[in-house]
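A.B. asks: I'd like to ask you about the structure that follows.
Where a number appears in this text, it was derived from the coordinates with a stated rule and is not lab data. Since the structure is predicted, the reported quantities are computational estimates derived from the model, not experimental observations. Cβ: placed from backbone, ideal geometry, glycine included. Neighbour counts: every protein chain shown.
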Amino acid sequence: MLGGGVVTEARKEPTCTGTPPRTITVGGSMHWNFGFNYTDWAFKENPFYVYDTLVFKYDPPSEKNIHPHSVYLFPDMWSWINCNLTQGVKIANETQGTGKGSGFVLKKWKPYYFACVQAMATIAVSVDEVLRAATS
């Protein structure tokens, strides 16, 4: 597996938070970056709920940035662990993480597996089921 990541446990029964969906910058102020501990970050940000948005922010390729970033979504843990790009889908290219970043809405109650193969950053999050409406 590239880098570090965590799969958090989903709750067994639905909950109601009474709060609107969150917009969460992956890695907080460190953003989507090489050498960051996404396991600790995910535990601190947990739980993730349906309709929360993960925002991947990273620097564009440049002479100073020799490890350009992107974001791949993998369909399952095994393709994520093995970094099987034939099963992964690139959801953000090397320039889409600049500025406000690239957002990904967690639309289903399930585990999600993300990786940046160029910079070896990985994260896995499990979405808790929640009874709240999506906001427009």
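A.B. asks: Return P(r) of the stretch 23-128 (all Cα-Cα pairs; 5 Å bins starting at 0; whole %; ordered from short to long distances).
C.D. replies: 2, 13, 25, 26, 22, 9, 2, 1, 0
A.B. asks: Hey, what D do you get for the stretch 61-111 in µm²/s if you plug the Kirkwood alpha-carbon radius into Stokes-Einstein at 10 °C and 1.306 mPa s? Mind dumping the intermediate values first?
C.D. replies: On the way: Rh = 12.5 Å.
Rounded, D is 127 µm²/s.
A.B. asks: A further question on this structure: Order these peptides, 79-92, 26-39, by their mean beta-carbon neighbour count within 10 angstrom, highest first.
C.D. replies: 26-39, 79-92
A.B. asks: Here's a follow-up. Have a look at GLN87, TYR38, TYR58 and report the one farthest towards the positive end of the charge dipole of the stretch 23-128, computed about the Cα centre with Cβ charges (Lys/Arg +1, Asp/Glu -1).
C.D. replies: GLN87
A.B. asks: Sticking with this structure for a sec: Within the stretch 23-128, what percent of beta bridges assigned by DSSP are antiparallel, to the nearest 5?
C.D. replies: 75 percent
A.B. asks: Near TYR58, within a Cβ-to-Cβ distance under 15 Å, what is the net charge of the other residues, with Lys and Arg +1 and Asp and Glu -1?
C.D. replies: Net local charge, TYR58 excluded: +2.
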